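*Asks:* Below you will find the structure I want to go over with you.
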Amino acid sequence: MKKIKSYLLFTSWRYKLGIFLILPMAVPAVGLFWKHFLSMSGYGYMMIAATVFFEVLTDQGVFAGIQSKRGYKLDFLKTSPSGSKILYRGLVGDLIRRFFTAALCVGVCGAMGILTKGSGWDRCLGVLLAIYVAEVLALFISRFTRSVTLCVYTAYGGIVAGEILLTVVNVVSLPGLWLAEGLLALAAAAISVLVVRIAMKKWRQTFFDTQED
């Protein structure tokens, strides 16, 4: 709970509105439209594209450029002895929120029968992990810059990676699916740790940069 509270300290009301209301409502709503009015399948691909793009671009208002040398120093945190701890909790809370948002969207759409046919919740878990891995990987790369243009390109790259991962999840047999999901879970954990550790390392380096200035 402390991690989520710390994370919310870095977010504006517009960000909260988009993340906690618009995205969780829009993804199932579009999925419902897809189910009733489009004969083609594969809404999981659309979900990955929308979720990754939205999440990476909205991060511009939270932790954009935190991994760059001078892009996002968060100087106000340096005035408090708890600043480092607040930032750490905020970064972890951000990842927790992203996972549960993806889980909510996948869970609702899975219950509506949009994501998979005849595969049950096993492939829904694969969809969730594919979304999260692609999203966090794109997020990690995008935080090295504050350029919106570069973030857009990074989001596109994340979408491509997510589509490839989802294709693997969709085509493998059940035993292979469990292996794929296990590898995706390990990748998700590894990238999540990297996101937090690199951001904290880069932020601490700004103390020395400030002294040099």
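Rule-based calculations on the coordinates, nothing more; no lab input. Please read all numbers here as calculations on a predicted model, not as lab measurements. Neighbour counts run over all protein chains shown; Cβ positions are idealised from the backbone, glycine included.
*Asks:* Once you have the alpha carbon radius of gyration of segment 148-200, what is it after dividing by 2.2 N^0.38 Å, with N set to its residue count?
*Replies:* On the way: Rg = 13.9 Å, N = 53, 2.2 N^0.38 = 9.9 Å.
My calculation over the Cα atoms of segment 148-200 gives 1.40.
*Asks:* Another question, if that's okay. Would you please give the FRET efficiency between Met112 and Ile164, computed as 1/(1 + (r/R0)^6) with r the Cβ-Cβ distance and R0 = 30 Å, to the nearest 0.05?
*Replies:* Values: r = 25 Å, r/R0 = 0.83.
Efficiency at R0 = 30 Å is approximately 0.75.
*Asks:* For the chain, with the dipole built from +1 on Lys and Arg beta-carbon atoms and -1 on Asp and Glu ones, taken about the Cα centre, which of Leu21, Phe37, Gly107 lies farthest toward the positive end?
*Replies:* Leu21
*Asks:* Divide the volume of the convex hull of the Cα atoms of segment 88-188 by its number of residues and quote the answer in cubic angstrom per residue. Each step should come with its number before you reach the end.
*Replies:* Details: hull volume 10.1 nm³, N = 101.
It comes to 100 Å³ per residue, whole-number rounded.
*Asks:* Per the helix-only calculation at 222 nm, which mean residue ellipticity applies to the chain, given -39500 (n - 2.57) for every DSSP H run of n ≥ 4 and division by its residues, nearest 500 deg cm²/dmol?
*Replies:* Details: 8 runs with 159 residues, N = 213.
Value at 222 nm, helices only, nearest 500: -25500 deg cm²/dmol.
*Asks:* Give me the extension gain from Asp122 to Trp178: residue separation times 0.36 nm, minus the current Cα-Cα distance, reported in nm with one decimal. Present the calculation step by step, with values, prior to reporting the outcome.
*Replies:* On the way: separation 56, 0.36 × 56 = 20.16 nm, distance 0.80 nm.
Here the segment from Asp122 to Trp178 would lengthen by 19.4 nm.
*Asks:* To continue, here is another question. Loop-only trypsin sites (Lys or Arg not before Pro) in segment 106-207, please: DSSP not H, G, I, E or B, and at most 10 other Cβ atoms within 10 Å. Don't jump to the answer; show the numbers that get you there.
*Replies:* Values: sites: Lys117, Arg123, Arg143, Arg146, Arg197, Lys201, Lys202, Arg204; in loops: Lys117, Arg143, Arg146.
Counting only loop positions with at most 10 other Cβ atoms within 10 Å, the trypsin sites (Lys or Arg not before Pro) in segment 106-207 are Lys117.
*Asks:* Pairs Lys16/Lys201; Lys78/Lys201; Lys16/Lys202: which exceed 24 Å Cα-Cα? Walk me through the intermediate numbers first.
*Replies:* Numbers: Lys16/Lys201 27 Å; Lys78/Lys201 14 Å; Lys16/Lys202 26 Å.
With Cα atoms farther than 24 Å apart: Lys16/Lys201; Lys16/Lys202.
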